[in-house]
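Please read the structure below before turning to the comments.
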Amino acid sequence: MRIAVAGGTGVVGRHTVDAVRAGGHEAVVLSRSHGVDLVTGRGLDAALDGADAVIDVASIETLKASAAIEFFTAATGNLVSAAGDAGVGHVVLLSIVGIDRIPYDYYAGKVAQEKVVEASRVPWTILRATQFHEFAEQMFERAKLGPLHLAPNARTQPVSAREVGERLAALAAGGPQGRVRDLAGPREERLADMIRAFARREGYRGWIPALNVPGPQMAGMRAGLALPGPDADLGRQTFAEWLAADSRP
């Protein structure tokens with residue numbers, strides 16, 4: 001099969017491309033660095049020529065609902081439209097557990113993105129996953145008060161980005177299934193503990209206070225609204241195993 005991966009250079013996108021190729025399929029990376037702009041549609045038609053399936057893991061860094069909605073509506077809208085014109089038989093979208101329960105600006109964009117896919121003329125599959133193990137690194141770098149790193153209190157059940165990529169590749173190789181069961185990590189973790197463990201692994205020895213960070217995302221996560229339901233599929237790699245396996249010094 002020829003499988004196109006939108007956002008194939010990102011955290012989960014790289015693993016998705018690897019998994020597609022490991023499955024014996026041809027992977028086509030859709031990204032600006034590969035001559036494709038999802039927002040404008042530039043390069044999409046040529047890139048999707050002969051594609052059998054498309055996996056959408058493209059993302060944007062923003063804290064504004066308007067920007068998130070605009071990006072996901074335009075990018076995924078162009079993607080599914082071009083996929084329909086190219087005769088692609090299956091679109092697979094990666095989404096996030098809890099986006100319909102937490103009134104967070106970025107999640108509003110993901111909700112809008114799901115609606116675009118659901119209204120598409122191309123048969124589709126949507127997989128929602130929990131935060132990746134890399135979420136600890138992202139929060140360590142972003143949650144700061146001046147030079148002080150913070151450790152937000154939150155409940156999460158992080159999953160391996162590699163395992164998410166493997167699941168997406170497997171879904172794309174099969175038939176459309178609509179909304180499939182969520183994918184989460186093997187056990188619940190405390191985000192503050194994850195951030196501190198990551199910091200220690202990186203050699204940081206400063207004080208990292210744990211606190212209740214204001215805002216709808218962290219409030220929702222403290223309430224457990226980003227955790228999977230009892231019917232979710234669970235991954236294998238724990239956060240501690242990911243931390244130990246990461247080769248960075």
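Read-outs: derived from the displayed coordinates by stated rules, not from any lab. Keep in mind that what you see is a predicted model, and the values were worked out from it rather than measured. Positions of Cβ are backbone-derived with ideal geometry, glycine not excepted, and every protein chain shown enters the neighbour counts.
Using only the alpha-carbon atoms, how far is helix 191-201 inclined from the longest principal axis of the chain? Give it as 0 to 90 degrees, nearest 10. Value to nearest ten degrees: 80. In region 1-73, the inverse of the mean reciprocal separation of distinct Cα atoms equals 12.7 Å; this is its Kirkwood hydrodynamic radius. Going from the residue with the fewest nearby Cβ atoms within 10 Å to the one with the most, 1, 218 rank 1, 218. In this structure, the amide hydrogen of residue 237, modeled 1.01 Å from its nitrogen in the peptide plane, lies closer than 5 angstrom to those of 160, counting only residues at least 5 positions away or on a different chain.
Of the residues 149, 34, the one with the fewest other Cβ atoms within 10 Å heads the list, and the complete ranking is 34, 149. Spin-label pair residue 33-residue 236: with each label point 7 Å from Cα along the Cα-Cβ axis, the two points sit 2.8 nm from one another.
With a Förster radius of 22 Å applied to the beta-carbon distance between residue 115 and residue 138, the computed FRET efficiency rounds to 0.25. What number, rounded to the nearest 500 deg cm²/dmol, is the helix-based mean residue ellipticity at 222 nm of the chain, given -39500 (n - 2.57) per DSSP H run of at least four residues and division by all its residues? Only helices count here, giving -12000 deg cm²/dmol. With a Förster radius of 41 Å applied to the C-beta separation of residue 74 and residue 205, the computed FRET efficiency comes to 0.40. Quick check: Cα centre of region 53-116 to Cα centre of region 140-172, how many Å? Taking the Cα centre of each part, region 53-116 and region 140-172 sit 19 Å apart. Here 135, 198 are placed in order of increasing Cβ neighbour count within 10 Å, fewest first, which gives 135, 198. Shape summary: region 2-245 maps onto an equivalent ellipsoid whose semi-axes, from the alpha-carbon gyration tensor, are 31, 19, 17 Å in decreasing order.
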